[in-house]
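Q: My questions will all concern the structure given below.
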Amino acid sequence: MSAKMKVADLGELIDSVWEMRQKRLTAQREVDKLEEEEKAARAEIGVLLRRGKLEGGKGKLATAAFRRTTVAQVVDEEAFLKWAMKKANRDCLKVGVIGEAWRLRLAEGDAAPGVDKFTKEEVVLSKAGG
């Protein structure tokens with residue numbers, strides 16, 4: 001809020017953000033529905049391509065083809081972590097903390113070493129009178 005903004009303007013700003021949020025959520029529901037329809041259609045294209053033993057197909061507006069990418073699938077976590085913890089292999093790890101589990105351990109007095117607390121702050125809106 002700028003220094004020139006009056007406190008009375010705060011309520012108007014909150015209400016305008018609420019209205020923007022409602023418009024966004026309405027649009028997002030429609031987008032989510034379209035995305036689900038698109039995913040279902042893509043799956044059907046895959047079925048038809050496989051059934052026809054095809055690598056691709058085309059319509060008037062677009063083409064479709066399989067893109068294959070090799071990805072890692074950890075099947076033995078203990079063996080992988082032992083290997084990955086070697087300094088030369090640490091770039092294969094993605095480090096993160098599961099917040100809920102971390103907060104539970106912290107409440108039990110079992111603070112994780114190497115992890116600091118950070119207070120995240122965000123503005124949240126709720127419908128007035130509800």
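The values are calculated or read from the model by the stated rules, or taken from the named source; none is laboratory data. None of the values given here were measured: they were computed from a predicted structure. Cβ placement follows ideal geometry from the backbone for every residue including glycine, while neighbour counts extend to all protein chains displayed.
Q: How about the stretch 119-130: which of its residues are touching a residue at least 12 places away in the same chain (Cβ under 8 Å) and either among the polar types (S, T, N, Q) or surrounded by 10 or more Cβ atoms within 10 Å (Cβ to Cβ) (or both)?
A: Within the stretch 119-130, Leu125 is the sole residue that qualifies.
Q: Hey, another quick one. Keeping to the stretch 44-55, report how many residues are under 16 Å from Arg67 (Cα atoms) and in a helix (DSSP H, G or I).
A: The total comes to 7.
Q: Further, regarding this structure: Would you confirm whether or not the stretch 106-123 contains a residue that is closer than 30 Å to Trp18 by Cα, among the aliphatic types (A, V, I, L, M) and modelled with pLDDT under 90? So that I can check it myself, show each step before the final result.
A: To start, the set of residues in the stretch 106-123 that are closer than 30 Å to Trp18 by Cα comprises 118-123.
Adding the requirement that they be among the aliphatic types (A, V, I, L, M) leaves 123.
In the following step, the residues that additionally are modelled with pLDDT under 90 were identified as 123.
Yes, that holds for at least one residue.
Q: Also, I was wondering about something else. Can you run down the residue pairs with Cβ atoms below 8 Å, 6 or more apart or on separate chains, where the first is in the stretch 31-53 and β-branched (Val, Ile, Thr) and the partner is surrounded by 11 or more Cβ atoms within 10 Å (Cβ to Cβ)?
A: Close Cβ pairs satisfying both conditions: Ile45/Gly57; Ile45/Ala64.
Q: Are there any pairs, at least 6 apart or on different chains, whose C-beta atoms fall under 7 Å, with the first in the stretch 88-101 and more than 14 Å from Lys117 (Cα to Cα) and the second of a type outside the set (D, E, K, R) and surrounded by 10 or more Cβ atoms within 10 Å (Cβ to Cβ), and if so, which?
A: Asn89/Trp83; Arg90/Ala84; Cys92/Ala84; Leu93/Ala84
Q: Looking at the stretch 79-94, is at least one residue in a helix (DSSP H, G or I), acidic (Asp, Glu) and over 30 Å from Ser126 (Cβ atoms)? Walk me through it before giving the result.
A: Kept after step one, since they are in a helix (DSSP H, G or I), are these residues of the stretch 79-94: 79-84, 87-92.
If we keep only those that are acidic (Asp, Glu) too, we end up with 91.
Those still in the list that are over 30 Å from Ser126 (Cβ atoms) too: 91.
Within the stretch 79-94, one or more residues are in a helix (DSSP H, G or I), acidic (Asp, Glu) and over 30 Å from Ser126 (Cβ atoms).
Q: Say whether the condition of being aromatic (Phe, Trp, Tyr) and either in a helix (DSSP H, G or I) or loosely packed, with under 10 Cβ neighbours inside 10 Å (or both) is met by at least one residue in the stretch 101-118.
A: Taking every residue of the stretch 101-118 in turn, at least one turns out to be aromatic (Phe, Trp, Tyr) and either in a helix (DSSP H, G or I) or loosely packed, with under 10 Cβ neighbours inside 10 Å (or both).
Q: Scan Ala41, Ala64 and give me the residue that is over 30 Å from Lys127 (Cα atoms) and assigned to a strand (DSSP E or B). Full working, then the answer.
A: Numbers: Ala41 fails: assigned to a strand (DSSP E or B).
Answer to the check: Ala64.
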